[in-house]
1. Could you tell me whether the stretch 71-152 comes out rounded, prolate or oblate from its Cα gyration tensor? Rule is a ≥ b ≥ c as square roots of the eigenvalues, rounded for a/c under 1.5, then prolate if a/b exceeds b/c, otherwise oblate.
2. With θ set to phi - 60°, apply the Karplus curve 6.51 cos²θ - 1.76 cosθ + 1.60 along the stretch 96-110 and write out the HN-Hα couplings as whole Hz, x wherever there is a Gly or Pro.
3. Going by a ≥ b ≥ c, the root eigenvalues of the Cα gyration tensor, does the stretch 52-98 fall in the rounded group (a/c under 1.5), the prolate group (a/b larger than b/c) or the oblate group?
4. Excluding ILE169 itself, calculate the net charge of residues whose Cβ lies under 9 Å from the Cβ of ILE169, where each Lys or Arg counts +1 and each Asp or Glu counts -1.
5. Express in whole angstrom the spacing between the alpha-carbon centres of the stretch 114-137 and the stretch 75-101.
Amino acid sequence: MSETSVVTGPDAPTAVTAEDLLGLVGDLWRSVSADPEVDDAPVEAGWHPAGSRLLRSTIGIEGSWEGDLVVSCAPLAAERWARAMLAMDEDEVVGEADALDVLAEIANVVGGAVKAHCAAGGRLGLPDADVVEAHDGPPAAPELLVAVGMTWPDAPLGDDDALFSLALISR
């Protein structure tokens, strides 16, 4: 894994790694993919360029460990997720509200799995979704524990519009 796309902190919950986050997203993608025979699950990639427009969803995790899972997508990546999860045709327009709803659902599903690993007996909050501007590189919070940038294997190299990321941040 490259240094630019995976970050782990000294206090990261031992049960959740960047590879785990990538695996959870891959499992989710394969479950909604139009062709389950084709392994086009997301792969590790770089980060959103500074100043780019992102759709983001955050969900809180409370229990023996407390923090937030943050899912961020470039608009075209969010559209790809929405098309798959909402079974939309290529010619259908994906509205921003639908894309934000899908990101909230991704945060909910992945957040539930993270909670099961590192916040035993805890609870998951409700996801919040909004549009933000990207910073340069992974989240800069000192509480950052694990982060991974991803794209799909069929995305052209350097296609920033296909990027999305997950970050686990301690409170």
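1. oblate
2. Ordered by residue, 3J(HN,Hα) equals 4, 4, 5, 4, 5, 4, 5, 4, 4, 5, 4, 4, 5, 5, 5 Hz.
3. It comes out prolate by the Cα gyration axes.
4. -1
5. With the stretch 114-137 and the stretch 75-101 each reduced to a Cα centre, they are spaced 21 Å.
Just so you know, all these numbers are worked out from the coordinates, no wet-lab data involved. Since the structure is predicted, the reported quantities are computational estimates derived from the model, not experimental observations. Neighbour counts run over all protein chains shown; Cβ positions are idealised from the backbone, glycine included.
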